[in-house]
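Worksheet for the structure shown next.
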Amino acid sequence: MKFGSQQSDLVSSHEQSVNGSFRKFTSGFVRNDLDSSPGQSLDGSFRKSNSVISTHSVSGVSSSSKYFQTSRRVYKGLKDFGREFIDQELFNQSLDDWILENYGVDQVTGEQPFLKPPFLTDELRKLDLALEGVFFQQLFRMPCSPLASKSVKEDGYHALEDFLHVIVNGLWRTFWRKSGPLPFSLCCFHHPGSKFYAIEKAISRGRLEELRGLALISKNGNNLKVHWNQVVELVLFRQNILSGNELKLSVSTICEALFYGVHILISRCLSKSRTISDDSVFIMVFDSKFGAVIKLGGDLSKLELNTGDPYQSVAHWIKCHAEVLLSSVETIWNRLGNANWGDLGTLQVLLAAFYSIVQCNGPPRKSISSLASAHSLRLQKRRIECRLAENENAKIPYQQDGYQHGEIVELDHSDNPLVKNTSHLKLRQGEILLLEDQQQGQKSFQIQESFIGGNYFLYGAISLDYPTQLLTLYVGAHPSRLEPSWEDMSLWYQVQRQTKVLNILKHQGVSSKYLPEVIASGRILHPGPCKKQTPSGRCDHPWCGTPILVTLPVGEPLSYIVARDGPFSSDDALRCCRDCLVALRSAATASVQHGDISPENIIRVFNMQGTRHKVLYIPVSWGRAVLEDRDSPAINLQFSSSHALQHGKLCPASDAESLVYLLFFVTGGRMHPQDSIESALQWREKSWATRSIQQHLGEVSPLLKAFSDYVDSLCGTPYPVDYDIWVKRLNRAVDGSGSADRGKMIEEVAMTLRLENVAESSGTSGGGT
């Protein structure tokens with residue numbers, strides 16, 4: 001009899017393996033006593049149940065599925081099977097030949113023929129970047145001598161417990177919650193089904209020699225009794241895990257890991273409340289120097305229960321129906337007993353622990369990709385620090401070849417590739433730009449990069465006066481080119497008009513960390529002599545009078561983040577909504593509406609304070625903002641409000657309506673390309689009428705659904721958005737705070753590059769509105 005032949009249906013969930021492929025694992029069982037037919041059809045496939053199991057996959061680990069009660073006969077059969085499956089030596093004899101055939105390096109090809117690693121190198125590299133700045137410290141050193149004496153083995157267990165505690169605590173505080181109790185504990189065990197003990201208790205009872213390793217246990221409320229179905233991951237601790245003198249696992253080590261892995265999967269399947277996904281488990285194996293990770297997963301419904309030989313049955317299941325993944329054996333502790341944090345071995349252990357916690361507690365609040373994306377900013381800051389350390393007396397971090405350090409060189413127009421055949425200013429990394437600000441005088445900036453998307457008029461730059469802060473530098477169009485080119489007109493909105501809008505906000509006392517701030521604005525000082533007649537005039541040089549705007553902060557646009565990392569999580573979407581509403585509320589106090597809310601115009605910023613990484617979502621590109629009735633907003637067929645598309649004007653709720661479309665997009669909502677205003681309006685009318693937008697956002701968060709319903713009731717009306725109440729509700733969801741004042745106060749941003757004055761109006765010469 002097969003486990004599962006008592007059921008009419010087997011509902012399989014999808015688990016994504018680390019190489020991107022999907023394998024089907026049974027996640028639940030549906031009892032149907034009226035149907036005595038076998039669950040498996042003649043072609044070997046299982047019939048699909050009418051019941052639906054809602055699952056989702058996170059970072060290579062499928063979440064625990066909905067629980068379906070098994071029949072008593074199957075439950076008893078599996079429980080009896082687990083009791084009979086107790087002799088590890090018999091299990092080793094059933095599986096060791098298969099492991100020898102499939103594990104190890106092929107002498108001809110040099111590759112492992114079957115048993116593949118559980119993680120890709122790119123996964124480990126991304127985790128390494130995400131954990132930059134996270135402090136891991138093992139206080140108990142791993143003893144260097146082989147675990148022979150009692151005292152050495154005792155020290156080894158203490159070191160292993162400390163190592164695992166540091167890993168779990170670091171991951172939980174970084175990705176899930178920074179405060180509050182840790183929902184896990186570490187216990188030691190003797191054999192499958194044995195009780196769990198604290199290490200000190202096992203030592204005091206003289207049972208140290210019987211210990212096989214440690215288990216990461218998911219706490220079950222106030223219930224102090226621990227069961228094997230609460231095991232999140234298992235750690236085996238042996239005197240030696242290597243196969244002779246080769247840097248690979250011994251067969252007995254692999255067999256023992258699989259032996260315990262099968263027991264854990266069976267225990268999870270028998271659990272009345274499946275809080276941990278029962279389709280795979282990670283087992284770590286260590287000695288006093290080396291370590292490796294083994295992952296076992298499979299469909300237990302295909303396990304034969306009544307063969308008379310449980311060891312052959314499990315061996316057959318592993319060979320034919322399970323997935324066994326083995327990592328490489330790597331050095332974990334150096335000769336001083338310190339863990340090699342950041343090396344391949346510890347990264348494998350960290351990633352296995354991360355996926356195990358995801359199986360137990362669900363997706364993290366912060367993804368690995370989101371934290372890793374801040375690496376570029378940290379790298380840029382380090383590069384600047386290094387250049388300043390090398391040139392302590394230098395004003396300019398980089399030196400241009402062929403020029404004296406700090407010298408402004410006159411260029412011949414005919415030989416300058418930036419001037420030749422173009423009247424647009426296109427800058428390269430390392431070049432220095434001299435800006436003439438009417439209020440602050442001359443300011444020097446050095447180009448660091450051209451921003452994402454190939455926009456050659458938007459750059460990352462540093463001020464040579466304060467070179468540790470990356471800034472956003474906009475290069476506008478020359479005033480003489482505004483009429484013939486719509487592209488140049490767009491640059492006018494991006495630079496001159498945006499400067500005016502941001503200055504209006506500043507002069508009216510509106511300053512918030514959720515709004516960009518002007519650092520400098522003015523006109524470029526071009527190389528060579530300038531023949532302009534007046535300070536506000538222009539000469540015939542193609543750069544003369546080109547406007548520049550420098551703002552803070554710097555971040556990645558949401559369009560790029562979604563294309564790279566996929567849809568937002570519920571927490572990210574709620575935070576994005578809250579931050580944007582705070583920014584729109586701040587602007588509304590000055591009677592300013594953004595008018596161009598879209599994924600390209602919202603950036604994600606990492607506000608790094610020590611080891612904390614706080615994410616901010618900030619609306620940028622305020623050049624199309626509406627200040628008065630005669631102003632026209634931008635027209636975006638996908639994200640503009642219905643009122644803007646119909647009338648070319650904004651209603652009080654237009655920005656909020658555009659924000660709903662943006663949230664729909666970043667959370668994975670399907671937005672069809674629109675080719676006309678008429679088709680865009682038809683899509684909006686249909687989507688609101690069928691409530692497809694609300695239904696999609698409701699799957700992400702009930703609060704976002706409620707917000708979209710509220711916006712729907714305001715669309716096209718003269719009634720303003722009540723920002724205060726929604727910011728208060730979103731604060732409670734994002735930060736766990738019920739304070740009505742949280743996020744309500746307009747915050748003054750303490751910036752290193754604080755300016756006493758910025759240019760009024762456009763801040764540039766040569767035009768403005």
With a Förster distance of 51 angstrom and the Cβ-Cβ distance between Ser511 and His227, calculated FRET efficiency to the nearest 0.05 equals 0.35
Distance cut-off 30 Å, Cα to Cα: go down the list Lys219/Lys248; Lys500/Lys532; Lys426/Lys531; Lys195/Lys289 and report the pairs above it.
Lys219/Lys248
Note, segment 192-204: 3J(HN,Hα) by Karplus (6.51, -1.76, 1.60, θ = phi - 60°), whole Hz, Gly/Pro = x, goes x, x, 6, 6, 9, 10, 6, 4, 4, 5, 5, 5, 5
Fraction of accessible area attributable to carbon and sulfur, segment 561-720 (%, probe 1.4 Å):
50 percent
Cα centroid separation - segment 185-255 against segment 604-667, whole Å
53 Å
Note on segment 87-372: contact order normalised by length, alpha-carbon pairs under 8 Å, 6 or more apart, percent, works out to 24 percent
Given 153-160, 284-291, 196-203, the highest-first ranking by average Cβ count within 10 Å works out to 284-291, 153-160, 196-203
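Accessible area per residue, 1.4 Å probe, Å², for segment 557-736: what's the number?
Details: 7280 Å² over 180 residues.
Computed with neighbouring chains in place, this is 40 Å² per residue.
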Rounded to the nearest 10 Å², what accessible area does Glu161 have for a 1.4 Å probe in the complete protein model?
40 Å²
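Rolling a 1.4 Å sphere over the protein heavy atoms, what is the accessible area per residue of segment 87-372, to the nearest Å²?
Solvent-accessible surface per residue comes out at 41 Å².
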In whole percent, what relative contact order does segment 557-736 give with Cα contacts below 8 Å and a gap of six or more residues?
25 percent
How high is the relative contact order of segment 618-710, in percent, counting Cα pairs under 8 Å that sit 6 or more residues apart?
20 percent
Whenever you get a sec, compute what percent of the accessible area on segment 87-372 sits on carbon and sulfur atoms (1.4 Å probe).
49 percent
I'd like to compare 326-335, 564-573, 236-245: which one has the highest average count of other Cβ atoms within 10 Å, and what's the full order after that?
326-335, 564-573, 236-245
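The values are calculated or read from the model by the stated rules, or taken from the named source; none is laboratory data. Note that the coordinates shown come from a computational prediction; the quantities given were computed from them, not determined experimentally. Cβ coordinates were reconstructed from backbone atoms using ideal geometry, including for glycine residues, and neighbour counts include every protein chain displayed. Just the protein is used for accessible areas: all its heavy atoms, side chains included, with ligands, DNA and RNA removed. Shrake-Rupley method; radii C 1.70, N 1.55, O 1.52, S 1.80 Å.
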